[in-house]
Amino acid sequence: MKARGIDVLSFAVGEPDFNTPEPIIEAAKKALDQGMTKYAPSRGLPLLIEAIQRKTERENGFSCQANQVVVSCGAKHCLYNAFQVLLNPGDEAILFAPFWMTYADQVALADGIPVIVPTSAENGFQPDAAAIESAITPRTKVIVCNSPSNPTGGAWDRATVEAVAAIAERHNLTIVSDEIYEHLTYDGHQHTGFAQLGPETASRTVTILGVSKTYSMTGWRIGFAISPPEIATAMANIQDQVTSNATTFAQAGAAAALDSDPALVQKMAATFAERRAFGMQQLRKIDGLGVPSPKGAFYFFLDVSRFLGGEIADDCALAEHLLDKAHIATVPGSVFHAPGHIRFSYAAGLDTIAEGARRLGDALKGLQ
Ligand code: PLP
């Protein structure tokens with residue numbers, strides 16, 4: 001539609017809209033100039049692994065050895081490696097709905113079975129211990145956690161993280177904890193990662209981190225997993241036969257990002273906080289729209305159920321309708337296992353958010 005000259009506003013993307021900060025770009029250019037253009041160890045360049053070790057110590061409250069780290073082509077690739085290693089055919093992985101659709105597809109690619117535990121907006125999209133317990137079977141191997149969450153923006157309290165860790169210990173499960181949005185939290189929320197809870201939890205946790213969201217480096221394709229050494233080795237062995245190392249000069253950029261002035265991240269996070277507050281204010285003017293307060297990431301997960309069932313049957317039809325009629329792109333909740341919702345990203349400027357909210361309000365008028 002854009003190619004046809006239509007003024008479409010996209011709230012569908014899952015990436016920050018800022019340029020990658022200059023010092024990071026400079027570091028990658030320097031790496032190219034210095035000839036860092038050859039094959040490298042599959043697990044990652046020592047300079048990046050060392051920067052990751054400093055990062056977890058400084059920011060995540062746990063230390064790790066070099067043999068626990070595997071650098072891959074984005075957090076998505078880390079997750080893929082993890083599921084391939086952890087799941088045999090028929091093994092079950094618990095997912096908390098709404099979830100990022102990649103988890104279910106990657107579990108299926110490993111011949112595993114996604115077992116879905118619902119969460120609700122009323123509870124900040126945090127899981128309930130009893131619901132987890134009742135989903136566990138002898139085939140359960142993995143619990144997939146994602147706080148702060150895409151698509152809901154929900155972020156778990158420390159008590160929830162501890163409760164899930166206790167369940168994992170009781171049933172001898174591995175926790176795959178995707179903490180890619182760790183630095184984007186609001187209203188004073190403090191991110192708690194699993195590995196920081198202590199050695200027992202760390203010994204059963206694969207922590208997935210990366211530079212895509214924190215440093216606006218989505219196209220660089222660098223993510224990293226920190227796991228117990230035997231899991232890390234198996235992940236590295238798989239990766240060795242699939243991609244070998246992640247791009248060397250992108251790794252140099254990622255190392256510079258991790259060692260960069262924290263003010264870079266703080267500035268981007270403050271911009272997101274401003275957009276979130278402004279966006280909530282605009283969207284809450286729309287009658288009948290459910291707008292929870294996201295505690296993290298950069299998404300509003302809007303409850304549109306009041307507008308469905310008549311002229312517009314479901315959330316997929318609504319997303320089509322919004323694109324066709326209002327020229328705004330959103331993502332239907334069904335792809336996140338949450339029909340009746342749409343995901344609206346606020347990785348956009350304030351003017352765009354204001355215009356998007358106005359168009360959404362106009363389009364929803366009359367559908368109730
Ligand atoms: N995890 C979550 C929850 C995401 O939303 C995304 C991207 O949308 C990723 C992982 C992928 O990150 P990367 O760009 O590092 O592969």
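Here the condition is being surrounded by 18 or more Cβ atoms within 10 Å (Cβ to Cβ) and acidic (Asp, Glu); of GLU15, GLU92, it holds for GLU92 alone. Sub-7 Å Cβ pairs linking a first residue in segment 316-335 that is under 14 Å from VAL13 (Cβ atoms) to a second residue that is part of a strand (DSSP E or B) and of a type in the set (D, E, K, R), at least 6 apart or interchain, are THR330/ARG343; VAL331/ARG343, ordered by first then second residue. When LEU47, LEU87 are screened for being of a type outside the set (Gly, Ala, Ser) and open to solvent by 50 Å² or more (accessible area, probe 1.4 Å), only LEU47 passes. Give VAL115, VAL161 a once-over and let me know the one that is away from the ligand (no atom under 13 Å from the Cβ) and in contact with an Asp or Glu (Cβ under 6 Å, 6 or more places away or on another chain). Every option except VAL115 fails the conditions.
For first residues located in segment 215-229 and near the ligand (Cβ under 9 Å from one of its atoms), partners that are open to solvent by 30 Å² or more (accessible area, probe 1.4 Å) and of a type in the set (A, V, I, L, M, F, W, C) and lie 6+ apart or on another chain with Cβ distances below 7 Å form the pairs ARG221/CYS73. Taking ALA82 as the residue in question, decide whether it is surrounded by fewer than 22 Cβ atoms within 10 Å (Cβ to Cβ) and either among the hydroxyl-bearing types (Ser, Thr, Tyr) or out of contact with any His (no Cβ under 6 Å at 6 or more places or on another chain) (or both). So ALA82 fails the test. Taking (1) on the phi < 0 side of the Ramachandran plot; (2) within 16 Å of the ligand (Cβ to nearest atom) in turn, ALA232 satisfies each apart from (2).
Number of residues in segment 176-209 that are over 20 Å from LYS295 (Cβ atoms) and either within 14 Å of the ligand (Cβ to nearest atom) or in contact with a Cys (Cβ under 6 Å, 6 or more places away or on another chain) (or both) equals 2. Residues considered: THR174, THR140. Of these, the only one that is touching a helix residue (DSSP H, G or I) at 6+ places or on another chain (Cβ under 6 Å), in contact (Cβ under 8 Å) with a residue 40 or more places away in the chain and farther than 21 Å from SER345 by Cα is THR174.
The values are calculated or read from the model by the stated rules, or taken from the named source; none is laboratory data. Here the structure is a predicted model, which is why all the values come from computation and not from measurement. Heads up, the Cβs are rebuilt from the backbone with ideal geometry, glycines too, and the neighbour counts pull from every protein chain shown. Keep in mind that these areas ignore ligands, DNA and RNA; they rest on the heavy atoms of the full protein, side chains included. Shrake-Rupley method; radii C 1.70, N 1.55, O 1.52, S 1.80 Å.
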